[in-house]
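Structure first, then comments.
Taken together, the values in this text are just the output of simple stated rules run on the coordinates, not laboratory data. Computed from a prediction, not measured in an experiment: that's the story for all the values here. In this analysis, Cβ positions are derived from the backbone assuming ideal geometry, glycine residues included, and neighbour counts consider all displayed protein chains.
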Amino acid sequence: MSAIHYNIKQRQVTHMKLLVCITKTPETTAKIAFTDGDSKFDESGVQFIMNPYDEWYALVRALELKEQHGGTVTAINVGPAANDVVIRKALAIGADDAVRINAEALSAGQVAANIAAHAKDKGYDVIFTGKESIDYNGSEVGGMIAEHLNLPYVSYASHMDHDGTTATVNRDIEGGVEVVDVTGAFVLSASKGLAEQRIPNMRGIMMAKRKPMAVEEPAVTESKVSVVSYTLPEAKGGVKMIDPENMDELVRLLHEEAKVI
Amino acid sequence: MSVLVLAESPNGQFKKAAYEAVHYGAKTAASLGGECVAVVIGPADNPADLGKYGASKVVHLADYTGGIDASSYTSIIGQVAAQVGAKVVVVNHSSTGKSIAGRVAVKMDAGVVSQVNSVPTQEDGGIVVTKPVFSGKAFAKCKVAGDKCVLSLMGNALPITEIGSACPVEAGSVDVPASSVTIKERKTVDGEVPLPEAELVVSAGRGMKGPENWGIIDDLAKTIGATTACSRPVADTGWRPHHEHVGQTGVAIRPNLYIAAGISGAIQHLAGVNSSKCIVVINKDPEAPFFKAADYGVCADLFDVVPRLTEAFKKMKAQ
Ligand SMILES: Cc1cc2nc3c(=O)[nH]c(=O)nc-3n(C[C@H](O)[C@H](O)[C@H](O)COP(=O)(O)OP(=O)(O)OC[C@H]3O[C@@H](n4cnc5c(N)ncnc54)[C@H](O)[C@@H]3O)c2cc1C
């Protein structure tokens, strides 16, 4: 009796195939400057990190689903070999394997087309992206992958339960949340709250070195969108300090000088 | 050629964002050539009013009840764009707009630029438009090759004015494919302007010492009709709801007035708020980095200053 009971408990209900799109961004305190006639981001001295939404929320929720249902978590990045450090970090946190599409990431459209080309015959149950990258803040890649693959897209997920067939997702919307059910494969973008950040441990870092990382050649190398030039915002004119005893003066300035109220 | 604008009507009502999108669509049409057509999906009061902001016609799918599902919306917008001959599609950079901008671009085989803050222009073989990058720390001038593009418009990017009068409304006719997404519930805080649309924002941070002290922030916000926001640690510790978290990893906002009390002004916080037109910082530490990004500063204990500021606003309103 007890053996049967054990078997039932151990049997995987499902085996989920999960893909997590990760990107590399400048660290949040990095100095933002440009070179080549303001046409390129100046990478000198800049430290790069995995995009926080990808690392903290998308990747970790995928790992939790795998722990719950069994399955595999694959991390994917479109970028040059220099991105391998960031990909290794995803493996150290717990992804089983990784794919790097060997091309410069030119735009959301070109990145999404390459990820979709990789994913189209792989049968992923959920494809995760972060809600946006903290450098280009586009919020575009997830929806574009979904359209290429003709899958539903649920964006800004701050909570998701998945029973192996149907997912129930809380989506962040202006001033609240929307609760949706999705059946079958879909693309999800992760916002804050979807999971709790995990710090890779020594064992994870060692294991990551032996995990498979495939390099695939890009299906799409052209981009419809390009950056012509960058500019920095105009510096503020300097702060005007107001006497804390005289809030009437602040109100007057906001009304008459700044004209914002 | 025409420019197709999605005019969102949450709960059957247009909000400022819809008028902004239409107005921007009209300016885009004037710049690139053609007319501005608005599409309204689901029930909406007075769609003809969109003409006042520059729409020459509205295509209204009044019977649509499928909720805001990205694939359904994409299918509808793709069909209407083909019917009206639109090569440019404009949406708001809202939770809805962001969910569909990329999808629609793939469907139309167009380029997409999100969070745009300028009117696009035609420049040798492409469309040029600007957007903030690096969480507001810089701007990028982007070029979309060809003549097709999808743009999501940043909130409060340009002032809206009424430039026309009511326009004709046509009933739209499209096939909406079945979706595997079911919307079960929408829970929103009623009566408050959502942060990305707010013109006035009162925000507070760890200097508040605890959630029980937020009464003075709420009073100030209520007095001027502002939306409340907070710094990340305040949301992380559950003092305030997550949707109030502004900054690089929270909501990016661009109100006319941002009042920050008890927030140090860390670079990640500034990233989400430094495009605000006017910033007031209340902090008792004269070295707080936020003062460098502020227009007006008050260096004192917020527990004294905030109630005094509320009183001063009340006095002004009474006059
Ligand atoms: C990857 C990453 C992403 C991040 N993203 C964000 C983000 O999106 N948004 C965000 O806000 N932060 C973000 N942070 C955190 C950020 O670095 C700061 O830690 C955070 O903004 C600090 O919040 P705070 O200003 O409320 O608290 P503190 O830094 O603790 O500042 C409290 C301030 O209150 C003042 N104060 C205290 N008591 C009083 C009083 N009685 N009267 C007046 N003033 C008083 C103090 O002088 C101090 O300046 C991020 C950090 C990282 C590493």
Relative contact order (%) - region A:2-233, alpha-carbon pairs under 8 angstrom, separation at least six:
26
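Under the rule that an exposed site lies in a DSSP loop and has at most 15 other Cβ atoms within 10 Å, name the longest stretch of chain A with no GluC sites (Glu not before Pro) of that kind, not counting the sites themselves.
The longest uninterrupted stretch comes out as A:105-195.
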Which value, in debye to the nearest 20, gives the size of the charge dipole of the protein assembly as shown about its Cα centre, when Lys and Arg are +1 and Asp and Glu are -1 at the Cβ?
900
Of the trypsin sites (Lys or Arg not before Pro) in region A:177-230, those whose Cβ has at most 16 other Cβ within 10 Å and which sit in DSSP loop
A:Arg198, A:Lys209, A:Arg210
May I ask for the angle, rounded to the nearest 10°, between helix B:215-224 and the longest principal axis of chain B, with both axes built from Cα atoms and the value confined to 0 to 90°?
50
For the pair B:Ile183 and B:Asp147, how long in nm is the line joining their label points, each one 7 Å along Cα→Cβ?
3.5
Could you tell me what a quarter of the Cα convex hull surface of region B:174-319 works out to, in nm² with one decimal place?
11.8
Volume per residue that the Cα convex hull of region B:2-171 spans, once the total is divided by residue count, Å³:
99
Take a quick pass over region B:195-318 and tell me how many lysine pairs come in under 16 angstrom between Cα atoms, counting only ones 8 or more apart or on separate chains.
6
Once the protein assembly as shown is represented by equal point scatterers at the alpha-carbon sites, with solvent omitted, what log10 I(q)/I(0) does the Debye formula produce at q = 0.05, 0.08, 0.11 Å⁻¹?
-0.21, -0.55, -1.05
Of the trypsin sites (Lys or Arg not before Pro) in region A:228-259, which ones lie in a loop per DSSP and count no more than 12 other C-beta atoms within 10 Å?
A:Lys236, A:Lys259
At a threshold of 8 angstrom on Cα-Cα distance, excluding pairs fewer than six apart, so keeping six or more, what relative contact order does region B:1-111 reach in percent?
30
37 °C / 0.692 mPa s Stokes-Einstein diffusion coefficient of region A:2-233, Kirkwood radius on C-alpha pairs, µm²/s:
178
Taking every DSSP bridge whose two residues both lie in region B:2-171, the antiparallel percent to the nearest 5 is 30
When each of A:Lys240/B:Lys141; A:Lys66/A:Lys122; B:Lys98/B:Lys131 is checked by Cα-Cα distance, pairs over 24 Å:
A:Lys240/B:Lys141
Express in nm, to one decimal, how much length is gained between B:Lys292 and B:Asp124 on full extension, taking 0.36 nm for each residue of separation and deducting their alpha carbon distance.
56.4 nm
Report the longest stretch of chain B that contains none of the GluC sites (Glu not before Pro) sitting in a DSSP loop with at most 14 other Cβ atoms within 10 Å.
B:1-161
Between region B:60-83 and region A:159-236, the alpha-carbon center distance in angstrom
26
In degrees, nearest 10, the alpha-carbon axis of helix B:302-318 is tilted away from the dominant principal axis of the alpha carbons of chain B by 60
